[in-house]
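The values are calculated or read from the model by the stated rules, or taken from the named source; none is laboratory data. Everything numeric here is computed off the predicted structure, so don't read it as measured data. We place every Cβ from the backbone using ideal geometry, glycine too, and count neighbours over all the protein chains shown. Calculation scope for accessible area: heavy atoms of the full protein, side chains included, ligands and nucleic acids excluded. Shrake-Rupley method; radii C 1.70, N 1.55, O 1.52, S 1.80 Å.
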Amino acid sequence: MEDWKTIALVAGVLAILASATGVGQFLKRHPDTGLNAAAVRTFNARLRAWWLMCSILGLALLVGDGVTFALFGFVSFWALREFITLTPTRQGDHRALFWVFFLFTPLQYLLVSFNVYELFNVLIPVYAFLFIQARVAISGDYKRFLERTAKIQAGLLICVYSLSYAPALLNLKLKTHLPGGETQDWDGSNTLLLFFFILLVQMNDAMQFLWSKLLGRHVIAPAISHARTWEGFLGG
């Protein structure tokens, strides 16, 4: 966090959050503004979530890379747990899920933290996927076998494998361009790069919410969510 650009970016994000919080509290205390009360409550709830996420992430980045890897690992574990909770499973899946949660998830982040790219690049999409199929088959429960294993694999791919590439940016080797076309290894921190991408995701979520509330007319998938509109998608 010694880089002044990183400090300026964090300060800018905090200023935006503080301003948005002030607006949210003003709207909450003045319900006669004509805005939808439910929309104001949702807006304030999102702000609280953003404050919490930024605080935890900022603390992790200040303490060191190791804490950042651990934080993302915990987020992956929690996200995968929520995914599996919403996915019907059978008794024959439980042993495979045990290894998914307590072996492949922490092992993926351990390999990422040590920058063992040759392994964390293939651990889940190759070895974990094959293991899940084999372990469920060994349980002897063959009913809807492909559907059940595909759901576990999808959760592992989205919640763990894809997310693990965010903290992997901390180990990315960057180059600095010098006059004359030469390059050298950059000796700065990749914290700014990671923070930048997380900021993009949060700004996209905020703009999607804002434009959906202001101009949202055409819902993308009514059967799934009425809050996701094409106007919000394009605005985000």
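For Val219, the shell of other residues with beta-carbons less than 15 Å away shows a net charge of +2, using +1 for Lys and Arg and -1 for Asp and Glu. A Gaussian network model of the chain, with springs between Cα atoms under 10 Å, assigns the largest mean-square fluctuation among Phe196, Phe120, Phe26 to Phe26. Kirkwood analysis of the Cα pair distances in region 93-179 returns a hydrodynamic radius of 14.1 Å. Normalised by the number of residues in region 79-202, the mean separation of alpha-carbon contacts (under 8 Å, six or more apart) gives a relative contact order of 27 percent.
Shape descriptor for region 12-123: Rg over Rh equals 1.14 (Cα atoms; Rh from the Kirkwood inverse mean 1/r). Thr89 sits among other residues whose Cβ lies under 14 Å from its own Cβ, and their net charge, with Lys and Arg +1 and Asp and Glu -1, is +4. When its C-alpha radius of gyration is set against 2.2 N^0.38 Å (N residues), region 87-232 gives a value of 1.42. Separation of region 193-217 and region 50-110, taken as the distance between their Cα centroids, equals 23 angstrom. Span-like helix criteria (full DSSP H runs; alpha carbon extent of at least 18 Å along the helix axis; mean Kyte-Doolittle hydropathy of at least -0.5) are satisfied in the chain by 4-29, 37-63, 65-85, 191-215.
Helical runs (DSSP H, four residues minimum) scored at -39500 (n - 2.57) apiece and divided by the length of the chain put the mean residue ellipticity at 222 nm at -20000 deg cm²/dmol.
Ordered from largest to smallest accessible area (heavy atoms of protein chains, 1.4 Å probe), the residues Trp78, Trp50, Trp99 come out as Trp78, Trp99, Trp50. Among Arg148, Arg46, Arg217, Arg81, the sequence by solvent-accessible area, most first, with a 1.4 Å probe is Arg217, Arg81, Arg46, Arg148.
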